[in-house]
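Below is one structure, written out as structure tokens; the observations come after it.
Since every read-out is calculated from the coordinates, none of them should be taken as a lab result. As the structure is a prediction and not an experimental result, all values here were calculated from the model. A quick note on method: Cβ atoms are made from the backbone with ideal geometry, for glycine too, and the neighbour counts reach across all protein chains shown.
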Amino acid sequence: MRARLLAALMGTLLGTALLSSCGQGGDAPARSGPAGEERAAPDAEAVAAETARLNKWFAAKYEEELDFSPILKTQLGRKDDYDKIDDGSEAAEDVQLEWRRKTVADLRENFDYDLLTPAAQLSYDIWVYNLQQAEAEAPYRRREFVFNQMSGAHSFLPNFMINFHRVDDVSDMEAYIARIGGVSRLIDQLVERSKLGASEGVRPPKFAFEAVIDECRKLLSGAPFGGEGASPLWADANAKIDALVEGGAIDDARADALRAAAEAALTSSFEPSYEALIAWMEEDMPNADEVATGVWKLPQGRDYYAERIANQTTTDMTPGEVHAFGLAEVARIRAEMEDVKERVGFDGSLEAFFVHMREGEEFYYPDTDEGREDYLQAARDHLAFINERLPDYFGLLPKADLVVKRVEAFREQDGGAQHYFPGAPDGSRPGVFYAHLSDMGSMPIPQLEVIAYHEGNPGHHMQISIAQELEGVPEFQTQSFFNGYVEGWALYSELLAKEMGAYEDPYSDFGRLTTEIWRAIRLVVDTGLHDKEWTEEEAVAYFTANSPAAEGQIRSEVRRYIVIPGQATGYKIGMQKILDLRAKAQAALGDEFDIKAFHDVVLGSGALPLAILERRIDRWIAEKKTA
């Protein structure tokens, strides 16, 4: 449900402009000749040459961009800068923003937009759009909550080391040990940035402080820091060293030396940086709000929130418009829920049915290891079902594998949202659908099927994997992430799965409606918190009145919206745009409309700002009508 919050975190860490953007943006340059005259159509040879030149430029510039982020290189499956971690300072952000400005100036000065293919024009527009996003974000960089319970670097970085830093030989392990020092340096930088924000009155609510402190202490629990068992990173380092020994890459003496070096890095570098983070959190926590509200109360808070809405939806909708759309969608979906309630023969109000779904023991797996494995296996079974039907609805299909697994203990949260981490583009690492299973009472069975489709296929795994596997598209474009598109597609895929034969059990279909109304509620609650000055309890009350979601889920969700303003609005708005474009194409093409072709056009250029996606669909419709 929160796919690619990793990407939002990466935006915080790296200061890049790879996420989503503000406003409609991405407007194409003027295409007229001198004095407004229309230019003659260029010949095919000139177009091919200019496009090839531009794609070569994109490849070079993306390499420059990747040099800012050793983390992103590793996520892409590369091993250059394998011993390094990103620079998370404000100064580094300034350097990267100035670099992006220069690239756009170079792009505009040295390339003729009218001599590009439509696909190359789209790439051009995205590159410019990314600068617009970065410029719009820059004034508010001290308004973000650097450490929070959802996407803080304190939990991402250990997860990155454990799950992304692959050790195939001794040099990889030496790089791993060196990276521990880089993790520590980045944590120190982000503590300083947290302090800068606090000096301007920016800090998350008390619950976020408590969660961060707890997660950090879990990371420092066990050897080599003291206590029972092994800490997560120490266990991981030893497992990777053991694998080298078992594979014959090193002998026991070299293994002992690597263990000693890893222990030294953890105790002399990692531990002090995390202790300093804990100390800062404990020092500043008394200044945090006990009653959680939104960012409206921060300096520039309302302007910041308007920018977040534009950024996360890639539209020019105002908070008021988002709120009104949410209210209308909640009312519409409630009516569909009433129909399902009648179908299963429940005698009572919809609110009573919500309570029944929320409290009925039959709707949950046991809170045992067996129950957790049953949950994971059921998700795998649903994905196997839908995978057989994909070729009927898609020409483009993902090659990458997908695994379903439980969230690591050090970052697992009761009621935490399931999420997806992409695989490596070269197939060396599969995509992962993660589930928080520490509290099975927060994981209702009726929602399991729809969540599997959202996180897996035809949702996040399919869309992101196809993007990464695209050929003939600039690499930067295959890695772009626009929240309204990515989350909109995943929510659209939930409804599409029903067309594909899913949700045969009416309770699972009610679960689908539960997750759709969930996303409509987000529009109301997110804007309620950050624009209309709702408190956490008011948000929880609205959510509870309009959803059968478990209490733990609801509390966790509302707290997510509080610390990551605007992100949760992208889902429903993106879904609606895709549905509107599909209806537009069906109306224009009639019997010539092909659902497989439509999906391939939507997915075939990677993630796009919604306005640019609409231009792409309009071009496709025009081409089909003249074919």
Among 572, 297, rank each residue by its count of other Cβ atoms within 10 Å, from fewest to most, as a rough exposure measure. 297, 572
Ranking 57, 489 by Cβ neighbours within 10 Å, fewest first, what do you get? 57, 489
Mind listing the long-range amide H neighbours of residue 230? Cut-off is under 5 Å, sequence gap 5 or more, other chains count too, H placed in the peptide plane at 1.01 Å from N. 223
Relative contact order for the stretch 436-556: what is it in percent, counting Cα pairs under 8 Å that are at least 6 residues apart? 34
Surrounding net charge for residue 206, when Lys and Arg each add one and Asp and Glu each subtract one, Cβ distance under 9 Å: -3
Residue-wise, which Karplus ³J(HN,Hα) couplings in Hz belong to the stretch 608-613, taking 6.51 cos²θ - 1.76 cosθ + 1.60, θ = phi - 60°, and x for glycine or proline? 9, x, 5, 5, 6, 4
Relative contact order for the chain: what is it in percent, counting Cα pairs under 8 Å that are at least 6 residues apart? 19
The residues 302, 332, sorted from fewest to most surrounding Cβ atoms within 10 Å, come out as 332, 302
Non-local residues with an amide H under 5 Å from the amide H of residue 88, with H modelled 1.01 Å from N and Pro and chain starts lacking one, are none
Fraction of beta bridges assigned by DSSP in the stretch 337-469 that are antiparallel (%, nearest 5): 40
Which entries of 577/625; 584/625; 61/102; 73/195 show an alpha-carbon separation above 19 angstrom in the structure shown? 577/625; 73/195
For the chain, just run the numbers: alpha carbon Rg, then divide by 2.2 N^0.38 Å, N being how many residues it has. 0.96
Everything considered on the Cα gyration tensor (a ≥ b ≥ c; rounded for a/c under 1.5, else prolate if a/b is larger than b/c, else oblate), the stretch 153-295 must be described as prolate
State the Cα centre-to-centre distance between the stretch 453-501 and the stretch 67-142 in whole Å. 22
Specify the inter-centroid distance of the stretch 382-447 and the stretch 161-221, based on alpha-carbon positions, in whole Å. 25
